[in-house]
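A quick write-up on the structure given underneath.
Just so you know, all these numbers are worked out from the coordinates, no wet-lab data involved. All of these numbers come straight from a predicted model, not from anything done at the bench. Here the Cβ is made from the backbone with ideal geometry for all residues, glycine too, and neighbour counts use every protein chain on show.
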Amino acid sequence: MLEVVDLTCERGERSLFSGLNFAAPSGTLLRIAGPNGTGKTSLLRILCGLLEPVSGEVRWHGKNVRRLREDYWKDLVYVGHMNGVKDDLTVRENLRVNAEVAGRPASPDRLADALDRVGLTGFEDRMARFLSQGQRRRIALARLYVSETAPLWILDEPFTALDVKGVAGLSALIGQHVRNGNTVALVTHQEVPIDAPRRQRVEFAGGASGATSSIEEEATC
Amino acid sequence: MLRVLLQVIRRDLLLAVRQKADVLNTLFFFVVVVTMVPLGIGPEPNLLRAIAPGVVWVAALLAAILSLARLFANDYADGTLEQMLLSSEPLPLIVLGKAVAHWLVTGLPLTVMSIVFGVVFDLGLQETGVLVASLLLGTPVLSLIGAVGAALTLGLRGGGVLTSLLVLPLYIPVLIFGSGAVGAAASGVSYAAYLLLLGAFLLFASVLTPWAVALALRISVE
């Protein structure tokens with residue numbers, strides 16, 4: 001259960017949103033939408049605990065994430081704007097190091113399997129600097145396959161730079177993860193159809209500063 | 001828990017090996033500064049012998065400052081730092097790993113290099129030994145304290161200057177006791193107290209600075 005209570009966020013003395021409330025029970029696909037610069041990424045960073053909100057709090061299973069810290073991050077995988085890929089490491093090293101640093105060591109077979117599923121087979125020993133933007137995105141997304149057991153995924157525009165097949169594969173993965181009873185929060189501009197039992201939407205109005213968001217729950221499909 | 005420490009050290013060493021220019025830059029700077037001084041002040045053996053420890057120590061300190069900028073900047077730019085902050089492992093441990101790796105690629109080579117300078121400046125066997133020991137104890141302190149400065153100024157424009165300003169006052173005691181140890185050994189007084197103090201600095205820094213760095217990183221990334 002991911003809960004947001006009375007959240008207010010300001011960036012550079014500009015109020016992005018205030019009094020935001022919603023609750024996403026386990027097994028929810030939470031889609032955050034709205035025009036550029038309305039605070040979607042800021043909201044994701046607050047949800048992760050990277051950014052401190054001006055007021056309000058984010059709760060994971062009823063406890064404030066700023067107090068849970070490592071216990072919360074154990075449950076969380078965040079794929080942000082930046083891929084978190086080191087140019088001077090090979091594809092395999094990148095994934096391995098990332099898993100180790102995150103505290104989720106994975107066996108070599110598991111890493112190979114994850115790379116296979118994002119379509120990077122044959123590139124394992126290539127330096128990341130020689131890969132295309134889309135392939136680097138795939139390295140970052142391979143983390144999701146390594147941490148399929150994490151109950152919360154927070155994804156910031158996961159579909160950017162991916163080709164058609166990549167988008168289809170990822171949306172299937174996200175759908176599967178939600179159906180397994182986990183929560184996925186994502187920001188995306190593309191209306192990618194994801195088959196999930198429970199969907200929720202946070203809509204940022206944008207325009208005037210201090211815009212609040214409206215939440216509409218979609219019907220179960 | 002120890003596993004993540006070793007993995008971070010391994011990662012940073014691997015990156016250092018792949019970006020040799022960065023590492024060699026620091027070492028090159030150190031060597032150039034130390035070798036230029038005798039050319040500048042003339043070949044007077046007694047004078048050179050007297051100033052050698054100070055010159056080596058000042059050069060090591062400046063080289064350490066020079067290398068601080070890239071301690072977190074690259075990780076910050078490509079998003080890997082963000083991932084470290086979201087690790088389920090304790091951040092101070094990850095930070096400690098980074099500081100250890102930083103020392104292994106800057107402080108340790110400088111220390112090894114100083115053996116050569118001991119010979120070049122005609123220091124006795126004992127003084128050279130003390131110089132190496134003081135650097136061995138002192139350079140890790142430079143990396144640890146430097147990490148605090150680098151973390152605090154992360155993402156700021158002109159952060160390099162600010163890092164130096166923040167870090168230099170804290171470097172001065174290390175410099176004084178480091179070169180003081182060699183001076184004491186040269187004049188035949190006991191140098192044990194100097195080395196013990198450096199050891200105390202090292203223990204103090206390795207216990208406290210990782211926490212300070214972790215806090216500073218969380219603030220900088222916001």
Around B:Ser88 (Cβ within 10 Å, Cβ-to-Cβ, excluding B:Ser88; K/R +1, D/E -1) the net charge comes to -1
What does the charge add up to near A:Ala128, with Lys and Arg as +1, Asp and Glu as -1, over the other residues with Cβ less than 15 Å from its Cβ? +4
Quick one: compute the contact order of chain A, relative version, from alpha carbon pairs under 8 angstrom and 6+ residues apart, as a percent. 30 percent
For region A:176-191, in order, what is each residue's ³J(HN,Hα) by Karplus, 6.51 cos²θ - 1.76 cosθ + 1.60 with θ = phi - 60°, in whole Hz (x at glycine and Pro)? 4, 4, 5, 5, 6, x, 9, 10, 10, 10, 9, 9, 7, 9, 7, 8
Rounded to 10°, Cα long-axis angle of helix A:133-146 versus longest principal axis of chain A: 80 degrees
Average beta carbon contacts from partner chains per residue of A:71-79, 10 Å cutoff: 3
So, with points 7 Å from each Cα along the Cβ direction, the A:Glu70-B:Val112 label distance in nm works out to 3.4 nm
Rounded to the nearest Å, the spacing of the alpha-carbon centers of region A:44-76 and region B:69-111 is 24 Å
Counting only DSSP beta bridges with both residues in the protein assembly as shown, what percent are antiparallel, rounded to the nearest 5? 55 percent
So, in Å, what gap is there between the alpha-carbon centers of region B:168-183 and region A:101-149? 47 Å
Computed over region B:1-111: relative contact order in percent, which uses C-alpha pairs under 8 Å that are six or more apart: 52 percent
Charge tally in the Cβ shell below 13 Å around B:Thr128, where Lys, Arg are +1 and Asp, Glu are -1, B:Thr128 excluded: -1
Under the Karplus relation with 6.51, -1.76 and 1.60 and θ = phi - 60°, whole-Hz ³J(HN,Hα) for region A:147-157, x at Gly and Pro, equal 10, 5, 8, 5, x, 9, 10, 10, 10, 9, 6
What FRET efficiency, computed as 1/(1 + (r/R0)^6) with R0 = 30 Å and r the Cβ-Cβ distance, is obtained for B:Leu215 and B:Ile176, rounded to the nearest 0.05? 0.60
Longest DSSP-loop-exposure-free segment, GluC sites (Glu not before Pro), chain A, at most 13 other Cβ within 10 Å: A:14-190
Estimated FRET transfer efficiency (A:Asn21, B:Met36; beta-carbon r; R0 60 Å; 0.05): 0.40
Can you tell me which of B:Leu62, B:Leu15, B:Leu108 moves the most in a GNM of chain B? Springs connect C-alpha atoms under 10 Å apart. B:Leu15
Hey, can you grab everything whose amide H is under 5 Å from the amide H of A:Asn182? Only 5+ residues off in sequence or another chain; H modelled, so Pro and N-termini drop out. A:Gly27
With an 8 Å cut-off on Cα pairs and a minimum separation of 6 or more residues, tell me the relative contact order of region B:2-221 in percent. 26 percent
Longest principal axis of chain B (C-alpha) makes with the long axis of helix B:159-186 (C-alpha) an angle, in degrees to the nearest 10, of 40 degrees
